[in-house]
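The structure under discussion appears below in the form of structure tokens.
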Amino acid sequence: MQRDKAKAREKVRIRYYEDNMSPSQHIAAYLVFAVAIGAILYIYYHLIVLSILGGLVISWFQEKNYAKSVQKKRKNQLRLQFKEFLEIITISISGGSGRSIENAVADSVHDLEMLYNDKADIVREIRLIVSDYQSAGIPMSRGFQELGERSEIDDIVSFATIYATIEGKTSDLGYIISQTHDVIKDKVEITMEIETGITAAKSEAYMMLVLPLVLIVVMSSMGSDFLGGLFTTAIGRVAATVGVICTFVSYILAVRATEIEV
């Protein structure tokens with residue numbers, strides 16, 4: 001029974017441009033954000049009811065943004081995995097043994113399992129392509145085209161187009177695949193360098209957002225009534241509200257500024 005379920009999961013054709021999180025993952029993310037946002041509101045207001053209600057409402061929107069970031073991250077991982085797949089079949093075809101690309105693709109599954117694991121997206125997708133080719137006679141070029149449509153990843157779409165164009169029409173298949181791999185590899189490496197810089201900038205922005213919260217917590221725990229007016233007077237509530245708005249606006253700007261499509 002478990003083996004049948006595992007096989008059924010392997011046959012699932014994921015649309016990577018859609019939200020593929022499970023209901024339990026959505027609920028877990030929502031609860032984490034509710035606790036975190038509620039804690040932030042409590043730091044500024046020291047009102048339990050407001051913090052709980054605000055956390056429950058704001059986290060609903062934040063969970064939606066998180067689901068989008070998870071979807072984007074999964075696409076990026078598949079892009080990197082596809083680069084490794086191209087490198088594997090390029091080495092296999094360029095070895096001078098006259099191997100066909102179909103055999104190279106089929107044999108790449110084992111190498112991909114060793115490089116990642118048997119549950120990795122690229123492993124499942126290549127298995128699907130190989131299975132469709134061997135059991136139903138569906139050309140592998142069609143399998144890659146279909147994967148490109150479901151992933152909306154330019155590198156996969158480009159490879160599928162080139163593969164469909166040269167399939168069975170040229171003896172220079174190994175050279176063309178090698179050149180295609182080099183172009184995609186260079187593009188992915190440049191993308192990774194840019195994303196590394198973006199990640200560093202995002203980390204710095206998050207640190208700047210956390211510092212005001214840490215400062216308020218430290219000053220509130222010093223035992224003096226230095227921040228008492230912030231939690232008890234009308235002017236203090238207004239100042240706290242301004243602080244909350246600035247915190248969340250800064251967070252949104254930091255996230256939007258680093259969402260650069262390469």
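Quick notes on this structure:
- Hits in region 139-156 (condition: more than 21 Å from I93 (Cβ to Cβ) and not charged (D, E, K, R)): S151, I153
- Identity of the residue in region 152-197, closer than 17 Å to V105 by Cβ and charged (D, E, K, R), that ends up modelled with the lowest pLDDT: E167
- So A6, is it of a type in the set (A, V, I, L, M), under 30 Å from D155 (Cβ atoms) and modelled with pLDDT of 90 or more: no
- Some residue of region 57-79 being farther than 26 Å from Y251 by Cβ and at pLDDT 85 or above: yes
- Residue within region 134-152 that is within 30 Å of Y251 (Cβ to Cβ) and surrounded by fewer than 15 Cβ atoms within 10 Å (Cβ to Cβ) present: yes
The values are calculated or read from the model by the stated rules, or taken from the named source; none is laboratory data. Quantities reported herein were computed from a predicted structural model and do not represent experimental measurements. Note that we place each Cβ from the backbone using ideal geometry, even for glycine, and neighbour counts take in every protein chain shown.
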